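Peer 1: Have a look at the structure that comes next, please.
Just so it is clear, none of the values below were taken in a lab; they were calculated from the coordinates. Bear in mind that the values here come from a model prediction, so they are computed numbers and not experimental data. No Cβ is skipped: glycine too gets one built from the backbone with ideal geometry, and neighbour counts run over all protein chains shown.
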Amino acid sequence: MGHRLTRTLWRNAIFLTLDSERPETTALVTEGEWIRFAGPESVAASYAGSSATIVDLGGKFVVPGFNDNHLHLVFHGDHALCPDLAGLDEHEVVAKMRHCALGQPADALLVGYAWDAPACSRPHKALLDEAFPSRPVALAQFGGHAL
């Protein structure tokens, strides 16, 4: 005898579908981890049936989930807030970081992102030590795997 999956009606929201013919809808019916229906709330309610669990999302906007076990999401968020060093050589990197340091506390960590080996072929700690002798500086390589 098989186990019956729970049906859930997700309602009162705007669901982004990524379907060019119907980019948004107002309700979703799931069964276990599977989406069984996406469409207008009036149709979804009848599709879900009377035994479905109902979840009111309070008018929120819902986007498809991201399922990438190697996504550097925090890295990309931080990158948006810090100097982008892509395409700069080591001297331009130092100049950009000096500019970034202006107006910040003297002991604040300076973080830059996306330096790349083709443009910055001679990165070296000594350059940063000379430019920032008493200040911590962290420069992440464009792929996020080197600092």
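Peer 1: Can you give me the relative contact order of the chain as a percent, contacts being Cα pairs under 8 Å and 6 or more apart?
Peer 2: Values: 226 pairs, mean separation 27.0, N = 147.
Reported relative contact order: 18 percent.
Peer 1: Sticking with this one: List Glu90, Glu41, Glu130, Glu33 from most exposed to least, where exposure is judged by having the fewest other Cβ atoms within 10 Å.
Peer 2: Working: Glu90 18, Glu41 15, Glu130 10, Glu33 6.
The fewest-first ordering by Cβ neighbours comes to Glu33, Glu130, Glu41, Glu90.
Peer 1: If each of Glu24 and Val43 carries a label point 7 Å out from its Cα toward its Cβ, how far apart are those two points in nm?
Peer 2: Spacing of the two 7 Å Cα→Cβ label points: 1.8 nm.
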